[in-house]
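Participant: Sharing a structure below in structure tokens format, with a few things to ask.
The values are calculated or read from the model by the stated rules, or taken from the named source; none is laboratory data. All figures in this text were calculated on a predicted structure; none of them were measured in a lab. Here the Cβ positions follow ideal geometry from the backbone for every residue, glycine too, while neighbour counts run over all protein chains shown. The accessibility values were calculated without ligands, DNA or RNA, using every heavy atom of the protein model including side chains. Shrake-Rupley method; radii C 1.70, N 1.55, O 1.52, S 1.80 Å.
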Amino acid sequence: MKLELGKIFIKDIRFAEKTALQDGVLSVSKDDLREVALSEEKIKTVSFDIAKPGESVRITPVKDVIEPRVKVEGRGGVFPGVISGVDTVGSGKTYCLKGMAVVTAGPIVGFQEGVIDMSGPGADYTPFSKTLNLVVLCEPKEGTEAHDYERAVRMVGLKIATHLAELSKELSPDESQTYETLDLLEGMKAYPDLPRVAYVQMLQSQGLLHDTYVYGVDAKKILPTILYPTEDMDGAILSGNCVSACDKNPTYVHENNPVIEELFKQHGKTINFVAHVITNENVYLADKERSSNQTAKLCKMLHLDGVVVSEEGFGNPDTDLIMNCKKIEAEGIKTVLITDEYAGRDGKSQSLADADKAADALVTAGNANQVVVLPKLDKLIGTLDYITKIAGANADTLREDGSLEVELQVITGATSEVGFNKLSAR
């Protein structure tokens with residue numbers, strides 16, 4: 001499977017009478033995008049704003065972040081099973097609008113939406129302080145159930161991202177990069193002197209509003225399966241969950257999965273990157289056992305020497321993480337785990353809810369309980385009405401001077417930028 005990813009760098013976003021893309025400048029018509037957004041019947045009103053790196057701007061409550069992408073050549077379309085048909089994606093040619101993102105926001109659904117600060121200390125913890133952000137604020141119609149509202153906002157973000165990406169189809173990319181994964185039989189013969197490595201990605205799927213979608217299917221309903229890594233780049237995996245903001249992988253992070261990027265960089269040099277294995281995170285013990293058994297089986301069938309395992313969420317999913325680790329290691333396959341920690345504000349508590357001696361190689365993304373003070377910024381996009389209810393905040397979060405005292409877990413994407421160095425780090 002080979003995918004050419006064409007990158008069109010966005011230098012600025014501005015509002016205009018007509019939506020257009022020229023010389024790296026994205027002009028956006030509010031009326032045009034409003035028509036796209038209000039095609040979702042559960043949305044009552046929608047408004048738009050722009051946030052740029054370095055500005056004194058805070059965005060909250062953030063629901064999802066999406067990078068606009070469009071299929072230019074090859075099978076299927078971006079966001080298959082949701083926006084496009086269910087054809088297998090990950091091959092051909094796809095264009096993406098780099099340096100920008102569509103950010104959806106609006107009245108809170110659960111208690112785990114997030115904050116993006118475009119400047120100040122909070123900006124250091126989120127990758128989205130570095131992107132030009134088109135913010136879409138959605139208000140639901142009265143009587144709309146929480147899960148219906150969440151779905152509607154998710155669809156609005158995907159539809160607008162798709163609409164904007166279509167503008168690039170006739171352009172020439174500023175930069176192109178090709179990613180290729182050989183079929184299993186060919187891959188078995190390639191790079192015989194290098195360790196065969198796969199990426200095992202644990203997808204959040206633990207209950208209502210804790211959803212991740214694979215080709216439009218809720219990950220709760222899947223058994224672990226094998227993907228080509230490039231399928232992720234075409235939007236085969238979408239965020240639909242409301243776990244703590246620092247823990248959840250917005251759709252943007254799935255599209256730009258940093259573990260996949262780093263493994264491709266090492267492919268043919270230090271490792272043979274052969275597959276992307278996805279598994280879910282479950283509530284009940286029997287489901288945890290089933291999924292971890294299947295994950296370990298797939299790793300054995302692929303004749304792997306090592307895997308990198310990433311976790312989404314914390315607490316209960318730590319059990320899934322350790323189960324995957326133990327069972328994969330029992331097959332004689334080395335594991336490296338990537339996770340964040342919840343070690344208490346003083347850093348002295350047990351950082352994961354489960355542990356095992358097999359988990360002896362772990363990359364930490366830091367302590368999500370760490371406390372930071374976010375100063376008052378000049379402009380707010382969204383509302384602070386729910387800030388004390390977001391996970392990682394408390395009744396005293398909003399100070400008299402307008403600053404916020406919060407744990408890192410309230411910051412969107414705070415632990416999403418984790419990369420992978422080398423399997424030899426073990």
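Participant: Taking 0.36 nm per intervening residue step and subtracting the Cα-Cα distance, what contour gain separates Leu380 from Arg345 on full extension?
Facilitator: Full-extension gain reported as 9.9 nm.
Participant: Could you give the nm distance between label points at Ala330 and Leu223, where each point is 7 Å from its Cα heading toward the beta carbon?
Facilitator: It is 1.8 nm.
Participant: At a threshold of 8 angstrom on Cα-Cα distance, excluding pairs fewer than six apart, so keeping six or more, what relative contact order does the chain reach in percent?
Facilitator: In percent, rounded to a whole number, it is 19.
Participant: Which FRET efficiency, nearest 0.05, do Ala395 and Ala355 yield, Cβ-Cβ r, R0 56 Å?
Facilitator: 0.95
Participant: Sticking with this one: Compute from the Cα atoms of the range 143-242 the Rg and the Dmax, the latter being the longest Cα-Cα distance, and quote both in angstrom.
Facilitator: Answer for the range 143-242, Rg first and Dmax second: 17.9, 61 Å.
Participant: Okay, moving on. Using only the alpha carbon atoms of the range 2-410, find the Kirkwood hydrodynamic radius as the inverse mean reciprocal pair distance, in angstroms to one decimal.
Facilitator: For the range 2-410, inverting the mean 1/r across all distinct Cα pairs yields 21.9 Å.
Participant: Which one of Asp218, Asp247, Asp360 has the biggest mean-square fluctuation once the chain is modelled by GNM with Cα springs under 10 Å?
Facilitator: Comparing Asp218, Asp247, Asp360 in the GNM, the peak value goes to Asp360.
Participant: By Kyte-Doolittle mean hydropathy of at least 0.0 and Cα axial length of at least 15 Å, which whole DSSP H helices of the chain are selected?
Facilitator: 146-165
Participant: Still on this structure, I have one more. Rounded to whole Å and ordered largest first, report the semi-axes of the equivalent ellipsoid of the range 90-159 derived from its Cα gyration tensor (root of 5λ).
Facilitator: 24, 20, 10
Participant: If you don't mind, another one. Determine the share of the chain's accessible area contributed by carbon and sulfur atoms, expressed in whole percent, with a 1.4 angstrom probe.
Facilitator: 48
Participant: Okay, next question. Rolling a 1.4 angstrom probe over the protein heavy atoms, how many square angstrom per residue are accessible across the chain?
Facilitator: Value for the chain: 40 Å² per residue.
Participant: What is the dipole size for the chain, taken about its Cα centre, with +1 at each Lys and Arg Cβ and -1 at each Asp and Glu Cβ, in debye to the nearest 20?
Facilitator: Computed about the Cα centre, the dipole is about 620 debye.
Participant: GNM, the chain, Cα, under 10 Å: largest mean-square fluctuation among Ile59, Ile260, Ile43?
Facilitator: Among Ile59, Ile260, Ile43, the largest GNM mean-square fluctuation belongs to Ile43.
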